[in-house]
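Let me begin by presenting the structure, written as structure tokens, before commenting on it.
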Amino acid sequence: MSLNQTPTSNRIHIAFFGQTNAGKSSLINAITSQEIALVSEVSGTTTDPVYKAMELLPLGPVMMIDTAGLNDTSQLGDLRKKKTMEVLNKTDIAIVVIDSATKDHHFEKDLIETIRTKKVPLIGVLNKSDLTPISKTQQNTLSSLLSIPLMTASAEKGAGIKALKEALGKLVPTDDEKFKIVGDLIHPGDLVVLVTPIDKAAPKGRLILPQQQTIRDILESDAIAVVCKEHELRDTLIKLGTKPRMVITDSQAFLKVSADTPKDIPMTSFSILFARHKGDLMQLVKGARAIELLKDGDKVLVSEGCTHHRQSDDIGTVKIPRWLRQVTGKELEFDYVSGVSFTEDAKDYALVVHCGACMLNKKAMTHRLETVESFGVPIVNYGVMIAYVHGILDRALEPFPLAKMAWEGEL
Ligand SMILES: Nc1nc2c(ncn2[C@@H]2O[C@H](COP(=O)(O)OP(=O)(O)O)[C@@H](O)[C@H]2O)c(=O)[nH]1
Ligand code: SF4
Ligand SMILES: [Mg+2]
């Protein structure tokens, strides 16, 4: 990803569903006016979802998802349903594409029901209006049969595309808080000190995504970001001459930074901020409480959101197991998953430890949290766990009173 791109996790995910040859790929092409999706006369060319990040006016940064042509039969097959679900778990807006010539809409009814279970806003498009013109009455009848808003379009002729974009604009979640990382905790003019170690684990020539995003969020809040390494923190705080609103550090430097930050200055970590931003800080903090209940022979699942380049002392496969064995003194078994695959069956685990999820959107992370919760299994993330094993979770939760209460067992 280049530096000037909006991260995937902050894009509105728009997914196109429908029967093979309904014109999903053609519609994406028409909307984006770019030949990005594979269009073919042969049924079922697109087998796996195709993702394309782009700026789309008036929506802003989006991720278009062209799904595999589902089947032409009246039922969604199990495997296809599973694939649809996987995409739906991260979809912000769903578009159901229907060939206007379609007579039997069982397939679409089934599909729409599936989308409904996920509470994803959806809109239907009757495509190929150039081949099969649809009257307003027909359109309304079908719209009430399927219980979704329907629009007509011709991907081929470009008809109805502008209206579709405008309709999409109205479906975009308008929650301003949605992408707040720290902005809701600070005021204009506040000084925020960010501590970012530059060690062998840091990428060459740049800052990592959570650091960039936090700086951006601070600037958008009209506050002031001061960035230093852990070794310069003491000096930075002296030179500032005024108390910063908050110190935010990389988890790796937590101990040193905690020691160097006066107790009356609130301090937390990027990972705690992102745990809250991406998921449910309370749930993750409750997960940390479950660590001390682990028993010999318990299974722990370590889950990472992407298959990033592994360091020699990889946090997921090396540090996390080592820390957990050290703090519990128990014989634990570890399983690992990474990337798009995530267990739908967590019941065998006593604890799930998830990464910071910087590459996942909130929807995907929320789905993972809910899946694990549905099995009654506790889940913690790297940031909360690192703070816990270093004995500084107490301090890192200070800016978050509710999560702190959950940590103290009061909720
Ligand atoms: N006449 C006409 N043909 C279309 C339209 N949209 C798609 N097609 C054609 O229908 C076929 C299937 O389109 P495609 O986008 O690959 O369908 P997908 O399987 O849903 O992705 C291609 O031959 C397209 O050129 C349209 O609005 N009008
Ligand atoms: S925190 Fe998770 S999603 Fe982000 S780079 Fe690491 S493994 Fe990937
Ligand atoms: Mg296609």
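The values are calculated or read from the model by the stated rules, or taken from the named source; none is laboratory data. None of the values given here were measured: they were computed from a predicted structure. Glycine gets a Cβ as well: all are built from the backbone with ideal geometry, and neighbour counts include every protein chain shown. Please note that ligands, DNA and RNA were not included when accessible areas were found on the heavy atoms of the full protein model with its side chains. Shrake-Rupley method; radii C 1.70, N 1.55, O 1.52, S 1.80 Å.
The table that follows gives values for the structure above.
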{"read-out": "Separation between Cα centres of region 77-141 and region 213-286, rounded to whole Å", "value": "45"}
{"read-out": "Förster radius 41 Å - calculated FRET efficiency between residue 118 and residue 239 (Cβ-Cβ, nearest 0.05)", "value": "0.20"}
{"read-out": "At 1.002 mPa s and 20 °C, Stokes D of region 265-358 from Kirkwood alpha-carbon radius, µm² per second", "value": "150"}
{"read-out": "Too-long pairs where the Cα-Cα distance tops 29 Å, listed order kept, from 83/362; 82/103; 204/347; 229/263; 118/330; 109/363", "value": "204/347; 118/330"}
{"read-out": "Hull shadow area, averaged, region 211-261 [alpha-carbon convex hull, nm²]", "value": "3.6"}
{"read-out": "The chain - Rg and Dmax from Cα coordinates, angstrom", "value": "24.1, 74"}
{"read-out": "Mean separation of Cα contacts under 8 Å (6+ apart) over length of region 219-341, as relative contact order %", "value": "20"}
{"read-out": "Distant-in-sequence amide H partners of residue 305 (H built 1.01 Å from N, under 5 Å)", "value": "339, 355, 357"}
{"read-out": "Percent of Cα-Cα distances greater than 26 Å, calculated over region 187-332", "value": "34"}
{"read-out": "Using θ = phi - 60° and Karplus 6.51 cos²θ - 1.76 cosθ + 1.60, couplings along region 287-292 (whole Hz; Gly, Pro as x)", "value": "x, 5, 5, 6, 4, 6"}
{"read-out": "Backbone HN-Hα couplings from phi across region 208-215 [Karplus 6.51/-1.76/1.60, Hz, Gly and Pro as x]", "value": "7, 3, x, 5, 4, 5, 5, 4"}
{"read-out": "Cα Rg over Rh - region 88-207, Kirkwood", "value": "1.22"}
{"read-out": "Share of pairwise Cα separations in region 141-267, more than 18 Å, in percent", "value": "65"}
{"read-out": "Residues with amide H under 5 Å from that of residue 151, placed H, sequence gap 5 or more", "value": "124, 125, 126"}
{"read-out": "Placed amide H near residue 381: partners under 5 Å, 5+ positions off or other chain", "value": "354"}
{"read-out": "Overall Cα dimensions of region 231-291, principal axis frame, Å, largest first", "value": "40, 20, 17"}
{"read-out": "Cβ-based net charge around residue 255, under 12 Å, with every Lys or Arg adding one and every Asp or Glu removing one", "value": "-1"}
{"read-out": "The chain: relative contact order as a whole-number percent, Cα under 8 Å and 6+ apart", "value": "13"}
{"read-out": "Rounded accessible area per residue of the chain, 1.4 Å, Å²", "value": "47"}
{"read-out": "Rg in Å to one decimal, and Dmax rounded to a whole Å, for region 253-411 via C-alpha atoms", "value": "14.9, 44"}
{"read-out": "Vicinal HN-Hα couplings computed from phi for region 374-380 (Karplus, 6.51 cos²θ - 1.76 cosθ + 1.60; Hz; Gly/Pro x)", "value": "5, 9, x, 9, x, 9, 10"}
{"read-out": "Positive dipole terminus of the chain, leading residue within 324, 242, 105 (C-beta point charges)", "value": "242"}
{"read-out": "Region 324-411, Cα convex hull volume normalised per residue, Å³", "value": "123"}
{"read-out": "Largest-first ordering by accessible area, 1.4 Å probe, given options 277, 367", "value": "367, 277"}
{"read-out": "206, 11, 276, ranked by accessible area, largest first (probe 1.4 Å)", "value": "206, 276, 11"}
